[in-house]
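In what follows, a structure is listed as structure tokens, so that the remarks can point back to it.
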Amino acid sequence: MAGELLLKTGKYSKYTSYRKILYYRFFVGLLLFIVLSLVFTVVFNAFTGSSPRTDVYLPVNLDGERALVKLKSDLQSAARIKNCTYWECFDVYRCGRGGHDKITIYIYPLKNYKIESGNSVSELSKEFYMILDTIKRSRYYTPNPEEACLLVPSVDTLNQATFNSKHVSQIYHSLEHWNDGENHLIFNMLPGSAPNYNTVVNLNTGKAIIAGAGFNSWSFRYGFDISIPVYSQVAEKIDNTQPAQKNYLIISTQLNIPHDSLEELQSIASSSNDLLLLGTCKADNKIDYTKRCEYTTGREFRYPDILKEGLFCLVLRSARLTQAILMDIIASQCIPVVISDSVVMPFNSHLDWHRIAMFIPESNIKSLVKIIYAVSDERRGELYWQSRWVFERYFASIEKITLTTLEIINEKVFPLAARMYEEWNMPEHLYGPVNPLFLPVTAPKGPGFTAVILTYDRVESLFTLVKKLVRTPSLAKILVIWNNQNKAPPPSTEWPVINKPLKVVRTKENKLSNRFFPYDEIETECQLTIDDDIVMLTPDELEFGFDVWREFPDRIVGFPSRLHVWDNSTASWRYHSEWTNQISMVLTGAAFHHKIWSWYYTYKMPAEIREWVDESFNCEDIAMNFLVANVTRKPPIKVTPRKKFKCPECTNTEMLSADAGHMSQRSACINRFAKVYGNMALQPIEFRADPLQYRETGSGVPQLYPDIGAL
Amino acid sequence: MQARKRYLLLFMSFALLLYGYFGSYQLKSEPGINIRRDNLPTFATLDELTEAPSTLKRQPATIALPCRMETCFDFSRCGVDPKIYVYPSEGPVSASYRKVLSVIRESRYATRDPYEACLFVPAIDTLDADPLSPEHVPDVASRLSRLPHWNNGRNHLIFSLYAGTWPDYAEEALGFDPGEAILARASASETVFREGFDISLPLFHKEHPERGGAPPAAPGNPFPAPKKHLIAFKGKRYVHGIGSETRNSLWHLHDGNNLILVTTCRHGKSWKDLRDERCDEDNREYDKYDYEQLLANSTFCLVARGRRLGSYRFLEALAAGCIPVLLSNGWRLPFDERIDWRRAVIWADERLLLQVPELVRSVPPERILALRQQTQVLWEQYFSSIEKIVFTTIEILLERVLAHRSSRQRDALIWNASPGALGTLATYGDSRTHLPLAGLGALATVRAPPAPRAAPAPLPAPSVPVVGPPPTPGNTFTAMLYVQATSPALHKLLANIASSEFCEKVVLVWDSERAAPTLKSLSRVAGDPRDPLPVLVIDATTHYPGDGVSARWQPLWAVPTAAVFSLDGDAPLLAEELDFAFRVWQHFPERIVGYPARSHFWDEAKGAWGYSSKRGGAYSMVLPGAALVHRAALALVARAAPALRLAVRRARNCEDILLNCLVAHHTRRAPIKLAQRRNYKPTHHKYRSPWTDPEHFVQRQSCLNTFATAWGYMPLVRSVLRLDPVLFKDSVSTLRKKYRKMELVTS
């Protein structure tokens, strides 16, 4: 008992002492921390002590009380420079300070500017507030004007009618970092006023970049200004549902169509039922913007719902070149037909508007119906699916519009950050990924190919293979991937003597994916991935295989082929290795492919698949077939009739074990990969590649590839 | 237990403190946001957004605006098929401009009648406006204004390579006032360029080939690019004056290994007078490197501005597959209206010269591969000869005209992928799915789902004629037969076509003095439930009199499918062969896929190209006597250069060689031969056939040489493979085989 107690207390005391140590450590740690931070602050202060204390920059407060500022000076900023370019009016040295790879933006503090009479110069609108708020929350924001690449004055200039140009120009002049507008960004959506309606905001903006709507091709400084859309609140509320059928071919719902155009449209509408021409409802004096009425019959429609019923919707030039209803139309997935000469469309530098809209010259309105009729079904489909996608990506909210604007500037300043045309304009869910090998050429024969052999311990068969391989004229190099960590590869003295370079790479882990690592040692673009027991291929066959690959350099070109078939009884895909009239996979037990696919396999393939392959130690070849087929949407090519690859003596023509377990595992792989990619990328084909003279006798001309094995 | 509690307490209080420190800001401001944002007015009322034009008169513009197509171009002169009129030559013309003129005159765009012309090209050499240059032609201004159709330059196209002169090289100094003429100019800057009106040209050497052009120098796509140098530049520098700073500071970046940037001061007569202290050292380094070697062994090539913005380095780098890195602020790149240069070049900034090494180092390898391939695509399609440069200029212009007329233009993807704008007709289709575009890969074949149908228009029906768009590759083909006489072979072929699984229609082009057969449809074999196969017989002797064999693909309007199975009337193809060919073609719509293969070879003895039908190990042509071709390719034959078409018309032969050359010229790929059949004519022919005629053979040989001269090179590409059905001639039971009759065809 006592012993037990003793033991217990002993245990307890041990426990307490342990606790003490912990406490002790904790406090020592704390002490150290405090001392260190003290020292750090002292040192830091000592170093910066000579210079004036660095300011702590607080992010701009958009919601606090706005400081009252009276405009005293009559001095205005300088007029807008008409031929500014990015190279001359933009100070690039302000950007990328401290090695950032993105622009930085500063927002001037919000102030309540008042003129002498006490009136406010400009009221803050909700949209402008949201622009500033978006910038503030974006990854580009900086509270420090000194390190800012772009500066945004916080004066609301979205609508020309809401401010006095002179007063705003005075404000600009008074801005601390104005410097003739250099690196300033000014937002505007409704420029100009009656009767001329300038196509650019009427302000003395000097060298400032204008992100504006309604530019024409004269006022827009290409490569410098940014064209943005006129935001529409209506559009933001339009959902993405679509009616099963569009009831009208062309709809016009615009209320402010100029007279001459309206007359032409009315004459079209009267002679054809393809155009539904809608205007205001004349019920009472106040315009109800949620309704539209047909001009002739007065039939009433709800707006914007009616837009969804049209396949094509008109937007015409009016007082200004771009209209807010453009956004309503795109959001409704109606194909816009823009009739507005010399208009600069929103984000024209990056968005390809010919994918989104039809453009008809103003002088050609009368051919409207004819032009629309001539649009093919394919193009209608392209345009139709583009609009909603574009809307949701770039136009759906003030936030998206602002971020797109900033992104365009960012791409200008940092060209390497630029996304390609496809990324901006081609919805990947519709068109799929871009093929990395798009140069249509027959690949050059000169560099030859590199044989990559994955091996574990079958040294004898490996040596046989190596001896056979080197007889292929185009073989440039052999790379042996030694996947056995427990055993060293045989010493160089034991290797067969060959006249081609051979290199052994030892791997860190026994993984099947090692065969598809893009080793630096592979210096040719073509690699022959081959198992260490495929000893039956003749040099002629390999050479011919390489020649076929040169003809189809973006595909997997190889010898063993397989097929996937849909099994109706189990509602799943099945792996098929029998004699068939079709093939859909070429196994990488002996196949040529471009090195880029190894790179894709290692770095771009869904990680889920790579892990699956390494865990199950199988299906790396199927994964490769899926990968290539998914990117290129092309099937692989089978070369020559050969079906037997391993031992010449065996009667079994199956390369890999054909037991049921193996087959079901392979089937499971196919189903799994199809699920990961979301579709069945493999496609069956009915042809294979043979030498031109294969099985041709008695022509008298010697065969180019005489030694093509039968099966 | 207690200790854990204490720690927990400590941790929680810390967390609270932290939250108080960082999160209190949010606590404070979160409601604020909502309050302020929700209380703010919207930026414009709906009334303002739907503002109609004021009834007040607009004040007239005070300054003249630069030209745009809608203000300075007379579209009414241009019809469906716009033509170009080149003024007759007079006065001195430089070699380069002579090439430009001759290329246009011999093109399909040319017309001799100024009154049907849409565009005018003066024969006055405007290329070099520098009076100090030996190529300069004086007195251009007055000669231009004397042109009979000048009209202040309206609808005129003027080429200009060098503007301005020493010392300021002003871009406006062209030596004449272009007025409303469209300027195709090299070295244009953003400020003088009339957007959407002028066209930017590349600067090309005097030795630039008129036609043809070198095949791509860099067909290989090694990954990652194993190059000796990262970036290279070799060129002269000017020491003083406009545009000299950039090149003068390049030596800072030169490291003799990865970055080879060498300049020389030697140029002109008096360089020694202007030399600076670095000249000697620079010259030494300069002489160490060979320019060609640098181009071939470097991943990136610097294209720095010279006196003018453009430089020869640009095309040289492009041709060598060396990715251009631009140091030329404000330069409008060649044809940037349609060519997306982001895919092929890296923009650097002259102001950030010293950052160039860091910039190019951070380009990922995959992007390098894409950039490099694109340099080859673009060089090949638009720049490798003067012909291509001029045609690209014209195509851009004509596309603007087309866009004005019918609101369509080529997809940007067509312009920026193989075979490009010169390999496709602007008027053919309005979607890229209508065209066989190999260079686009998946993007070409994958199409968007269809748009929902618009309700069929109720009465009244549209008064305008509906133009049917061209078809996309579907699941059927049209058999297009060219028949000169009825024979048992023809009847057999028609019967085989009728039992083909995929044939949708038969178009029979009848070219014989005898009366055309009256055939409306082909009945199917017994037991085939399908409707009879529709047949359209077109009498070529009345529809296309005198065209002979050139007429065989003319009635494309009758072809409703993208796949055209071009057949000679006596081709002994089985239904199985027709169907197999079609299934293969579906995978290679950009190529000619068929049975009879021929090859070309260089005849050393004669110093000319030879034509061969011998069985060898390779072939370069597949004859469209039994081959599938994309309808767009056949449309292209009809629009081939006049000289080529004339050769075929005169010879009444060689249309098949022309087709093969044309397709190979645009796709750079070989055709595809199928299975073993070599003869596509019955061997025992009781009629006299041109195929047994040795004269016929000689003619084909001479055609081949005519075409090679017209293109400036031999476009045909060889191939060694043929595509067989998967179990073709394998020693397995024929019952397993899908295409078993094919194997029995011996010849």
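The values are calculated or read from the model by the stated rules, or taken from the named source; none is laboratory data. On a predicted model such as this, the values are computed, not experimentally measured, just so you know. For neighbour counting, all protein chains shown are included, and Cβ atoms are generated from backbone atoms with ideal geometry for every residue, glycine included. Just the protein is used for accessible areas: all its heavy atoms, side chains included, with ligands, DNA and RNA removed. Shrake-Rupley method; radii C 1.70, N 1.55, O 1.52, S 1.80 Å.
Filtering segment B:57-81 down to residues that are more than 10 Å from chain A (Cβ to nearest Cβ) and aliphatic (A, V, I, L, M), which residue is most open to solvent (accessible area, probe 1.4 Å)?
B:V80
Annotation: B:R98 fulfils all but one of (1) assigned to a helix (DSSP H, G or I); (2) open to solvent by 90 Å² or more (accessible area, probe 1.4 Å); (3) within 30 Å of A:W218 (Cα to Cα); the unmet one is (3). Scanning segment A:180-196 for residues that are open to solvent by 20 Å² or more (accessible area, probe 1.4 Å) and either in contact (Cβ under 8 Å) with a residue 24 or more places away in the chain or touching a Ser or Thr at 6+ places or on another chain (Cβ under 7 Å) (or both) yields a total of 5. The sole residue among A:P243, A:P191, A:P229 that is more than 15 Å from A:R80 (Cα to Cα) and at pLDDT below 95 is A:P243. Kindly indicate whether any position in segment A:385-406 is within 9 Å of chain B (Cβ to nearest Cβ), in a helix (DSSP H, G or I), open to solvent by less than 20 Å² (accessible area, probe 1.4 Å) and not acidic (D, E). Yes, some residue in segment A:385-406 is within 9 Å of chain B (Cβ to nearest Cβ), in a helix (DSSP H, G or I), open to solvent by less than 20 Å² (accessible area, probe 1.4 Å) and not acidic (D, E).
When B:I368 is tested against (1) more than 30 Å from B:A710 (Cβ to Cβ); (2) crowded, with 21+ Cβ neighbours inside 10 Å; (3) more than 8 Å from chain A (Cβ to nearest Cβ), just one condition goes unmet, and that condition is (2). Where residues in segment A:522-574 are among the β-branched types (V, I, T) and under 14 Å from A:L587 (Cα atoms), which of them is nearest to the chain's Cα centre (by Cα)? So, considering only residues that are among the β-branched types (V, I, T) and under 14 Å from A:L587 (Cα atoms), the one nearest to the chain's Cα centre (by Cα) is A:I556.
Tell me which residues, restricted to segment A:367-384, are over 20 Å from A:P427 (Cβ atoms) and facing chain B (nearest Cβ under 7 Å).
Residues satisfying the conditions are A:V369, A:K370, A:I371, A:Y373, A:A374.
Tell me which residues, restricted to segment A:122-144, are more than 13 Å from every other protein chain (Cβ to nearest Cβ), open to solvent by 30 Å² or more (accessible area, probe 1.4 Å) and not charged (D, E, K, R).
A:Y141, A:P143, listed by residue number.
Would you please name the residue that is farthest from B:Y238 (Cα to Cα), looking only at residues in segment B:251-292 that are open to solvent by less than 40 Å² (accessible area, probe 1.4 Å) and aliphatic (A, V, I, L, M)? Checked segment B:251-292; the qualifying residue farthest from B:Y238 (Cα to Cα) is B:L259.
Is it true that some residue in segment A:87-107 is more than 30 Å from B:W331 (Cβ to Cβ) and surrounded by 11 or more Cβ atoms within 10 Å (Cβ to Cβ)? Yes - at least one qualifying residue is present in segment A:87-107.
Would you mind stating whether A:I171 is more than 13 Å from chain B (Cβ to nearest Cβ) and not small (G, A, S)? So A:I171 passes the test. Within segment B:573-587, the only residue that satisfies the criterion of being open to solvent by 20 Å² or more (accessible area, probe 1.4 Å), facing chain A (nearest Cβ under 9 Å) and not in a loop (DSSP other than H, G, I, E, B) is B:R583.
Does B:V537 count as β-branched (V, I, T) and either outside any helix (DSSP H, G or I) or open to solvent by 40 Å² or more (accessible area, probe 1.4 Å) (or both)?
Working: β-branched (V, I, T): yes; either outside any helix (DSSP H, G or I) or open to solvent by 40 Å² or more (accessible area, probe 1.4 Å) (or both): yes.
Yes, satisfied.
Report yes if some residue within segment A:595-608 is assigned to a helix (DSSP H, G or I), closer than 24 Å to A:G661 by Cα and either open to solvent by less than 50 Å² (accessible area, probe 1.4 Å) or touching a residue at least 40 places away in the same chain (Cβ under 8 Å) (or both); otherwise report no. The answer is yes, given that some residue of segment A:595-608 is assigned to a helix (DSSP H, G or I), closer than 24 Å to A:G661 by Cα and either open to solvent by less than 50 Å² (accessible area, probe 1.4 Å) or touching a residue at least 40 places away in the same chain (Cβ under 8 Å) (or both). Among the residues of segment A:483-529, the ones that are closer than 22 Å to A:P444 by Cβ, in contact (Cβ under 8 Å) with a residue 60 or more places away in the chain and not aromatic (F, W, Y) come to 10 in all. Taking the criterion of being open to solvent by 10 Å² or more (accessible area, probe 1.4 Å) and more than 13 Å from A:T322 (Cα to Cα), the residues of segment A:204-220 that qualify are A:N204, A:K207, A:W218, A:S219, A:F220.
Suppose the filter is surrounded by fewer than 23 Cβ atoms within 10 Å (Cβ to Cβ), without any contact (Cβ under 8 Å) to a residue 40 or more places away in the chain, at the interface with chain A (Cβ under 8 Å from one of its Cβ atoms) and aromatic (F, W, Y); does B:W341 pass it? So B:W341 fails the test.
Selection of segment A:145-164 for residues being more than 22 Å from A:T405 (Cα to Cα) and open to solvent by less than 30 Å² (accessible area, probe 1.4 Å) yields only A:F163. Hey, can you tell me all the residues within segment B:208-217 that are open to solvent by 10 Å² or more (accessible area, probe 1.4 Å), farther than 30 Å from B:E190 by Cβ and either more than 13 Å from chain A (Cβ to nearest Cβ) or aliphatic (A, V, I, L, M) (or both)? Selection gives B:P209, B:E210, B:R211, B:A214, B:A217.
The requirement of being open to solvent by less than 20 Å² (accessible area, probe 1.4 Å), of a type outside the set (A, V, I, L, M) and in a loop (DSSP other than H, G, I, E, B) is satisfied by B:F204.
Taking the criterion of being part of a loop (DSSP other than H, G, I, E, B) and open to solvent by 40 Å² or more (accessible area, probe 1.4 Å), the residues of segment A:64-79 that qualify are A:E65, A:R66, A:K72, A:S73, A:D74, A:L75, A:Q76, A:A78, A:A79.
Tallying residues that are among the acidic types (D, E), open to solvent by less than 10 Å² (accessible area, probe 1.4 Å) and in a helix (DSSP H, G or I) within segment A:506-541 yields 1.
Yes or no: B:G79 outside any helix (DSSP H, G or I) and on the phi > 0 side of the Ramachandran plot? Reasoning before the result, please.
Working: outside any helix (DSSP H, G or I): yes; on the phi > 0 side of the Ramachandran plot: no.
Judged against the criteria, B:G79 is not a match.
Yes/no matrix, rows are residues, columns are (1) farther than 23 Å from B:G256 by Cα; (2) outside any helix (DSSP H, G or I); (3) at pLDDT 90 or above:
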site: B:K269; (1), (2), (3): yes, yes, no
site: B:K272; (1), (2), (3): yes, no, no
site: B:E292; (1), (2), (3): no, no, yes
site: B:T299; (1), (2), (3): no, yes, yes
site: B:L302; (1), (2), (3): no, yes, yes
site: B:R307; (1), (2), (3): yes, yes, no
site: B:L315; (1), (2), (3): yes, no, yes
site: B:V325; (1), (2), (3): no, yes, yes
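For segment B:365-373, the criterion of a residue being closer than 25 Å to B:V103 by Cα and small (G, A, S) is satisfied by no position.
Could you please let me know if A:F544 is of a type outside the set (V, I, T), within 10 Å of another protein chain (Cβ to nearest Cβ) and crowded, with 20+ Cβ neighbours inside 10 Å?
yes
Just one of the numbered conditions (1) aliphatic (A, V, I, L, M); (2) more than 14 Å from chain B (Cβ to nearest Cβ); (3) free of Cβ contacts under 8 Å to residues at least 40 places away in the same chain is not true of A:A161: (2). Of the helices (runs of 4 or more DSSP H) contained entirely in segment B:622-725, those carrying at least 3 residues that are among the hydrophobic types (A, V, I, L, M, F, W, C), modelled with pLDDT under 95 and open to solvent by 10 Å² or more (accessible area, probe 1.4 Å) fall at B:631-638, B:642-651, B:694-711.
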